[in-house]
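Every number here is computed from the coordinates shown, using simple stated rules; none is lab data. This structure is a prediction, so every number in the text was calculated from the model and none was measured. Counting neighbours? That spans all protein chains shown, and the Cβs are built from the backbone with ideal geometry, glycine included.
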Amino acid sequence: MTHDIAIIGGGIIGLCLARDLAREGQDVVLIDSGHHAGTTVNAGSLHVQMQSRFLRMYPELVPNLEASLPLYPAAVRSWQALATDLGAEFELRRSGGLMVCETPEHYEFLARKCTRERELGLDVEMLDRAALRRIAPYLGEAVHGAEFCADEGKLNPLLANEALRRDLHARAVPHHANTRVTRIEPQPDAMLLHCAGGEVVRAGRAVLASGAGTAGLAASLGLHVPVVAEPLHMNITEAAAPLILHLVQHAERMITLKQLAAGQVVIGGGWPARFSGAQDFPTVEPASLIGNLSLAQHIVPPIGDLRLLRSWAGVNTTADGQCILGPLPGEPRVHVAVPGDAGYTLGPLVAAMAAALLLGRDPGFDVARFTAARFSPAATG
């Protein structure tokens, strides 16, 4: 049997893409190894504004981030439409996001960023300490001010992922779980996907939606897609009364905070984890646990009274701050669908764009700078 399209990767992109294509009558198969499954350990932030710290650290990537910026408010709207379409409650709240800072110098940098983001179409504004106290009294005295983005928010990824899986099951989309594709072999009449257990899946076309695993699969075709697996640390506290009303992140330090509907506070923000063992399992670093929690209660002092329930490590995929979308150079039957920065936020939107490209339709955005061709020797040399 030859499927129309095989999707490699069962994260947020793969789940949404399989659903979009199945709704269009395509015979789709979803293949997921479960390795480094970033979607299943995600913290559920919906990011829109550019990361101040990232702009300072990587100024050469600012053009990429600015070019991608229009995708983010559209991505939040895609999440809202998906929740309505699925008829599912996964605690999606567009309650706004605060990027806080602790010094006048950093406030001025945020103000310049805010001006530029307004020029690029974002709904953002600066809040001084007095204005911030009125809408976020839970923030500590160390916070000097913040940039507020109205489109940011949060959701519960466990509930969202499960709702998507239920929908695919109802549509009878085949799902090969714990199945790792090791290489892709082009044939005149099909693409052969060779799996670690000896199984071979035939498909007319294939989509690499496997995050950092995309690099190895593209390499099996002799092509270069420079994505990197980045292990990161996260925490969750016991439930508390409603306290943190926004998505909170720091302009200069690694921290994000949000509170789930049940009251637990999820704390993340990019503190490093490490890979360990033969399977490169994402593993918690004690120094990150201590640093992450210490910074969290520095920004929001009331959470210092809460007990920590669980710490875990997940995997983020990084490239050059932009999505990678569309067919591989020289092999148009293999497409890539890897989101840019804040990949879970972009999931449903990037999946819809990837589906449009596969079906020969307008993806809604200019994707010329997002193609994998930018990594070819001709483009980089």
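Quick rundown of the values:
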read-out: The chain, relative contact order [Cα under 8 Å, separation at least 6], %; value: 23 percent
read-out: Cα long-axis angle, helix 12-23 against the chain (0 to 90 degrees, to the nearest 10); value: 50 degrees
read-out: Among 213, 38, 330, residue whose mean-square fluctuation peaks in a GNM of the chain (springs only between Cα atoms under 10 Å); value: 330
read-out: With Cα atoms, 0 to 90° folded angle of helix 343-358 axis to the chain main axis; value: 30 degrees
read-out: Part-to-part distance (alpha-carbon centres) for region 1-20 and region 153-173, which is given in Å; value: 14 Å
read-out: Karplus-derived HN-Hα couplings along region 250-255 (A = 6.51, B = -1.76, C = 1.60, θ = phi - 60°), whole Hz, x at Gly and Pro; value: 9, 5, 10, 10, 7, 6
read-out: Amide proton proximity set for residue 273, modelled H, under 5 Å, gap of 5+; value: 232, 233
read-out: Inverse mean reciprocal Cα-Cα distance (Kirkwood Rh) of region 200-358, Å; value: 17.7 Å
read-out: Isotropically averaged projected area of region 147-209, using the convex hull of Cα atoms (one quarter of hull area), nm²; value: 7.5 nm²
read-out: Per residue Cα convex hull volume in Å³ - calculated over region 103-245; value: 231 Å³
read-out: Extension gain, residue 359 back to residue 56 (0.36 nm per residue minus Cα-Cα distance, nm); value: 105.2 nm
read-out: Cα centroid separation, region 104-126 to region 244-323 (Å); value: 25 Å
read-out: ³J(HN,Hα) computed for each position of region 121-137 - Karplus, 6.51 cos²θ - 1.76 cosθ + 1.60, integer Hz, glycine/proline x; value: x, 7, 8, 9, 7, 8, 10, 7, 4, 5, 5, 5, 4, 5, 9, 9, x
read-out: Helix 71-86 vs. the chain, principal-axis angle (Cα, 0 to 90°, nearest 10); value: 70 degrees
read-out: Cβ-based exposure ranking for 312, 79, in which fewest neighbours within 10 Å come first; value: 312, 79
read-out: Linear extension gain, residue 80 paired with residue 24, 0.36 nm per residue minus alpha-carbon span; value: 18.1 nm
read-out: Under-5 Å amide H pairs with residue 281, H placed in peptide plane, nonlocal only; value: 276
read-out: Volume in Å³ per residue [convex hull over Cα atoms, computed for region 176-247]; value: 169 Å³
read-out: Charge sum, other residues only, whose C-beta stays under 14 Å from residue 339's C-beta, Lys/Arg counted +1 and Asp/Glu -1; value: -3
